[in-house]
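This report refers to the structure that appears directly beneath it.
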Amino acid sequence: MSVTLALTRTGVFLFGPDGGRLRARSGVVGIVSERVGNVSRSRYEQIVADARELIAQVTRAQFALGDKALEIEPMRPPGGSAPHSDDLFTVTESLTMFADDIGVSLATVEDWRWTASRWPVAKRKDGASFTVHRVLASITDEKERWAAIEDAPFNPPASGPRTRRSAWWDSEWTGQSRSRRRSGP
């Protein structure tokens, strides 16, 4: 029987003469369907590529919205305040108005703003989601934060059954973020 070996981002696969994927386990080879759900393997790979581009667009949009919120209300040191004037809104009032006007929650705007404040444009990593940037944003030391994004997973794992990757994510990144929790927006 002739087989084809394929090396992909998700692993090494063997394909049989009929194009079906083969899986070896303890010396036993079984045929794995060439379909993923209701689509062919090639269509699935195209869907994944399209989805990754959409995630990149979402990440760029979240950062852009955070940057706009920073323009409205720049981050101030703890206890810092704007010069007193009867014409000024408080930070919360300004951000609430912005959130209401664009149709999202105040918490979402605060999240975008805080994350964008921790990642200057030149330090944002293509291929890493906004979620990864948000988790790593809690690292207070900038040099450590810049280094961490270079070694971060592309995205946290989806919820669902425990996997080796999700266990790694929980212990490596989420655990660190808990110990370095930010003090506030």
Quiz item: What percentage of all Cα-Cα pairs in segment 46-146 are separated by more than 19 Å?
Solution: 49 percent
Quiz item: What full-extension length gain, to one decimal in nm, is calculated for ALA56 and GLU34 as 0.36 nm per residue of separation minus the Cα-Cα distance?
Solution: 5.1 nm
Quiz prompt | Karplus-derived 3J(HN,Hα), 6.51/-1.76/1.60, for each residue of segment 108-125, Hz, glycine and proline x | solution = 5, 4, 4, 5, 4, 4, 5, 4, 4, 5, 8, 10, x, 3, 5, 9, 6, 9
Exercise. Report the full-extension gain for the segment VAL48 to GLU93: residue separation times 0.36 nm, less the Cα-Cα distance, to one decimal in nm.
Key: 12.2 nm
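Readers should treat all values here as calculations from the given coordinates under stated rules, not as data from a laboratory. What you see is a predicted model, and the numbers here were worked out from it, not measured in a lab.
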